[in-house]
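Written below as structure tokens is the structure these notes are about.
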Amino acid sequence: MREANTPDLYPESPRGVTPALTAASPRYKRHVALACLGILVFVLVYLGLTGYFGWIVYRLLGDAILRGGNVWLAGLFSLPALFFFGFLVRGLVVTARNRNEGIVELSAADQPKLFAFLHRLADETGAPRPTKVFLSADVNAMVFYNSSFWNLFVPAKKNLELGLALINVLSLDELKAVVAHEYGHFAQRSLAVGNWVYVAHQITGQIVGARSGFDTLLMWISAIDIRVAWIGWIMRLFVWAIRAVLDTFFRIVLLAKRALGREMEFQADRVAVSVSGSDSLIHALHRLHAGQEAWQEA
């Protein structure tokens, strides 16, 4: 129970807000469906290639073992397919981490009023509470998380970053509007599939664009004696071809994601307005520009 002399720091929410304000529009649902379709096609192609190379390794080694063939020779012939299989499987277990330098993690024990504010706002917007809260020096607020391929099926734990410079230029109701906007991206009323699209976008980018020890190994093989280097050249050509195929489908995902991104921002704005009013959000955006300019000058 709140003590009688303790002020309520949580700004009052507007009254009479209709559920239609935060309801997903047909245009938003259409963009979500297209984005999900593009990601689904990409995942099917990726898993199809992975399964194909795995099947080649299984056929070569399985036939040699079951039919009494030359296992060593079968193993030698299966090495290229095994390499590509491992190359693709690596993308399923890699984790895309958001490395933020210069941020400090806060705890509910140290900042009970802040966490009470954030949790109450998350509950009001229908969004999951942040797993961790960090403080930075930026004029910004953002929700971030580490993600992997499996977060397409299991929700990732979300963290909230609050910029101290942002807090210093906003009033409480304006801060409420900004944080509510971030929560709006993951709120139940803004369709949980939007989160699925965002996670998949991060993972597909990591799969296509990342370079790893596989690439280093091929570069090393390609740089030694020409009697062996040609193996590296051919395998690098195949890696390039695989990435080109995946990149083509990834570009389809990007087009769909960009079209959806604008609708997601509008949807998040509606969630923010529903709990803070339109004036607070507009004033916050105006102060953000001024705060960003002051921070850059400093």
* Does the stretch 5-60 come out rounded, prolate or oblate by the C-alpha gyration tensor, with a ≥ b ≥ c the root eigenvalues, rounded set by a/c under 1.5 and, if not, prolate when a/b is larger than b/c and oblate if not? -> oblate
* **Extension reserve of the L21-H289 stretch, reckoned as 0.36 nm per residue once the Cα distance is removed** => 93.8 nm
* To do: Report the FRET efficiency, 1/(1 + (r/R0)^6), for R258 and M142, where r is their Cβ-Cβ distance and R0 is 30 Å, rounded to 0.05.
  => 0.95
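Set the Förster radius R0 to 25 Å, insert the Cβ-Cβ distance between L237 and R90 as r into 1/(1 + (r/R0)^6), and round the FRET efficiency to 0.05.
With a Förster radius of 25 Å, E is 0.85.
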* Under 25 Å Cα-Cα from K257, which lysines qualify once same-chain neighbours fewer than 8 residues away are excluded? -> K29, K157, K158
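Roll a 1.4 angstrom probe over the protein heavy atoms and tell me the percent of accessible area of the stretch 236-298 that is carbon or sulfur.
60 percent
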* Asked: Between F77 and V245, what FRET efficiency comes out of the Förster formula 1/(1 + (r/R0)^6) with R0 = 25 Å and r the beta carbon distance, rounded to 0.05?
  -> 0.60
* Asked: Among the aspartates and glutamates, which fall within straight-line cross-link reach of K113, defined as a Cα-Cα distance under 20 Å, with same-chain neighbours fewer than 8 residues apart omitted?
  -> E3, D8, E12, E105, D123, E124, E161, D173, E174, E182
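The values are calculated or read from the model by the stated rules, or taken from the named source; none is laboratory data. This structure is a prediction, so every number in the text was calculated from the model and none was measured. All Cβ positions, even for glycine, are placed from backbone atoms using ideal geometry, and neighbour counts span all protein chains on display. Ligands, DNA and RNA are excluded from the accessible area calculation, which covers all protein heavy atoms including side chains. Shrake-Rupley method; radii C 1.70, N 1.55, O 1.52, S 1.80 Å.
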